[in-house]
1. Report, by residue number, each residue of region 1-23 that is surrounded by 10 or more Cβ atoms within 10 Å (Cβ to Cβ), out of contact with any helix residue (DSSP H, G or I) (no Cβ under 7 Å at 6 or more places or on another chain) and touching a residue at least 24 places away in the same chain (Cβ under 8 Å).
2. Mind checking which residues of region 44-65 are without any contact (Cβ under 8 Å) to a residue 12 or more places away in the chain, within 16 Å of the chain's Cα centre (by Cα) and not in a helix (DSSP H, G or I)?
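What follows is calculated from the coordinates using simple rules that are stated; it is not laboratory data. Predicted model, so just to flag it, every value in this text is computed and none were measured. Every residue, glycine among them, receives a Cβ derived from its backbone with ideal geometry; neighbour counts consider all protein chains shown.
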């Protein structure tokens, strides 16, 4: 388990995908919890805003289709 601080990101952008006012958690420690070169994880507060497709080799994140 790890401690963190709750907050909100005004904008999170992943290439062309963008989400505004996203709840976030900032870890308090300096450990490389997620591995070398990984700054953090995209959680459901971000991913739930998009269409996410996962198969055995690829993860695709795209905008939801507007009707």
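1. Result: 4, 14, 17.
2. 48, 52, 53, 54, 59, 60, listed by residue number.
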